[in-house]
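Novice: This structure is in structure tokens; I'll ask about it shortly.
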Amino acid sequence: MTSFLWSYGWLFVLMLALILYKQVLRIFFGMVIVPEDKIGLVTKKFVLFGEPKALPDGRIIATKGEAGFQATTLAPGLYWWMWPWQYGIDMHSFTVIPEGKIGLVLSNDGAELPTGNILARKVECDNFQDTTAFLSNGGQKGRQTHVLTPGTYRINTFAFTVTIAEMTIINENKVGVVTTLDGEPLPSNQIAGRHIEGHNNFQDVDSFLVHGGNRGLQPQVILAGSYYINPWAIQIEEIWMTEVPIGNVGVVISYIGEEGTDLTGDGFKHGNIVSKGFKGVWMEPLGPGKYPVNKYTMKVELVPTTNLVLNWANARSEAHALDKNLSTITVRSKDGFPFNLDVAQIIHVPANEAPKVIARFGSMTNLVSQVLEPTIGNYFRNSAQDSDVISFLTTRKERQQAAKNHIKEVLDEYNVYAVDTLIGDIVPPEALMKTLTDRKIAEEEQKTYQTQRMAQEQRQGVEKETAIADMQKEIVKAQQSVEIAQRTADAAVKKAEGDATSLKLQVNAEAEATKMRAIAEAEATKARAGAQAEATKLNASADAERISKTGLAEAEKIMAIGKSTAEAYELQVKAMGNDNFTRFKITEAIGKENIKIIPDVLISGGNGTDGSISGLLGLKLMDMLQDKNTLETQSTNS
């Protein structure tokens, strides 16, 4: 039983030793194994004989074997004789600085900072991985100027505290304005430090300080990009780049630099214009473009080099806004009426004259408020007092030209070219305007009435012409009718003449026949035939004359018949004798005409001889006269 226990006891001890070998080796041999991703931070609990027993005053890190936090760390690996009863070993991860970050280091031990310094200067210490070198080389406690860039470091966290911070990034179209928190004091009469080279955009703070860099505002700026800048040493303000638009120049006013020589000469007494790099207004302006200007050390005044329009009007302002404080000018006329007028002034500032304008006034806004506004306002107020409102309105063109000449002469003294002066809207007093309006309305109404009268006259003329044109057809028709009637009448006359001629010929023929018959009868019966022929001839002549002259032809016919009858009677009388012929004709007439033998009215002769015969002849004559009067009356009426 005892041998069994003895055999298995050694086995148990061996197994227990295998399990606790690290602790056994640590206890008996002081073995320490540091993993590959760790470092060992060593704390010495006490010292043995012959070793320094205490740290110097003010020190917390032991570099020479003193008790306390040791400067030397244990890198990954195997170490002996680090007995736990004398050394405490703390495993600590590596210090890792990620991409896009920086490590800010605070030293917990080291020399005291000099008076006035806020940052500890850089010493050679392998990026704070060699604590002993840091302390031996005079490393100072506190915030360090040097930063850790992205990477992995074996940092003794007993000696150093590392803070992760963001890299400094300046975006596109922007610049970084730099203010340093450490360095020499600023020179007198300067608002920014001296220009220092060799610090790699303030990433090497120690180089900046070594070369005499000043604390405070810096004249240099940082352009777009990413930088390892220590925010404990450098403060960055990101601002927009200064843009000079097309049609403008940028006049640079520098607040820093040495005093330069005035380049304008004795003739210009309104400020110094100096060369680039000196304090004052630079002679050479900036052209259109973008510039990395430090707005705290320089000022860029934009000066338009194109024609610039300024409006003295309440309702209008240009995009440049230089006339935003200008308003409609109120003036008072000679006759005491106040009225308003709008004015537009066009000016031009040549590029080479822009620095003089800025040196004189400081800005374009001051030029407008100090020169243009009082000059133009006072000119028009004075001009209005020399004239009444009506005259001012009627002589607007002449006053505009006079204003242009006057203002041009004034602005030439200020290196500004006056292009033109324009008078805009003029607003007379309401009462006067009403009077003028009423007068104008009356004049226009008079013109309207005259125009309407002329229009009516023209309308009448048009209507007359229209009526004439409308009647033209009737007129033409009437003219045609008249012509037709005339031609018809002519034709009727010709026809009547032809008919008369024909009738005359016919009558002549009949007369000739009657004559021949009368001659034949006269020859047959001697006196009767001859008388009858002559009567026929006379009758034919009378008929022809009546027919040829529209009534006269009939009379001629009657006369011809009567003449023929008379001749016939004459021949008959000659043949028969007066008494016999008379008795014969009376008897013939009584038979043919059914004449009453005893008349209704008895007409007796004067001598009583042949009284009855004479009465009958008188009645017959009366009937014939009545028939003739009736025919003449009908012919006249027709």
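The values are calculated or read from the model by the stated rules, or taken from the named source; none is laboratory data. As the structure is a computational prediction, the values presented were derived from the model and not from experiment. Note that we place each Cβ from the backbone using ideal geometry, even for glycine, and neighbour counts take in every protein chain shown.
Novice: Which fully enclosed helices (runs of 4 or more DSSP H) of the range 329-423 have 3 or more residues being in contact (Cβ under 8 Å) with a residue 12 or more places away in the chain and in contact with a strand residue (DSSP E or B) (Cβ under 6 Å, 6 or more places away or on another chain)?
Specialist: 354-361, 373-385, 396-412
Every residue, every condition in (1) of a type in the set (A, V, I, L, M); (2) surrounded by 14 or more Cβ atoms within 10 Å (Cβ to Cβ); (3) without any contact (Cβ under 8 Å) to a residue 12 or more places away in the chain, yes or no:
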| residue | (1), (2), (3) |
| --- | --- |
| G116 | no, no, yes |
| E124 | no, no, no |
| F128 | no, yes, no |
| T131 | no, yes, no |
| F134 | no, yes, no |
| G142 | no, yes, no |
| Y153 | no, yes, no |
| T157 | no, yes, no |
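Novice: I would also like to ask the following. For the range 240-259: of the residues being touching a residue at least 60 places away in the same chain (Cβ under 8 Å) and not in a loop (DSSP other than H, G, I, E, B), which is nearest to the chain's Cα centre (by Cα)?
Specialist: This residue is V249.
Novice: Taking the residues in the range 37-92 that are aromatic (F, W, Y) and part of a strand (DSSP E or B) as candidates, determine which candidate is farthest from G138 (Cα to Cα).
Specialist: Y79
Novice: I'd like the full set of residues that are under 30 Å from the mean Cα position of the chain (by Cα), at pLDDT below 90 and loosely packed, with under 14 Cβ neighbours inside 10 Å, limited to the range 268-317.
Specialist: N314, A315
Novice: Condition (residue is part of a strand (DSSP E or B), under 26 Å from the mean Cα position of the chain (by Cα) and not assigned by TED's automatic domain parsing to the domain that holds L223) applied to the range 318-328: is it met by at least one residue?
Specialist: No: zero hits.
Novice: Sticking with this one: Is it fair to say G68 is under 11 Å from V42 (Cβ atoms) and small (G, A, S)?
Specialist: In short, yes.
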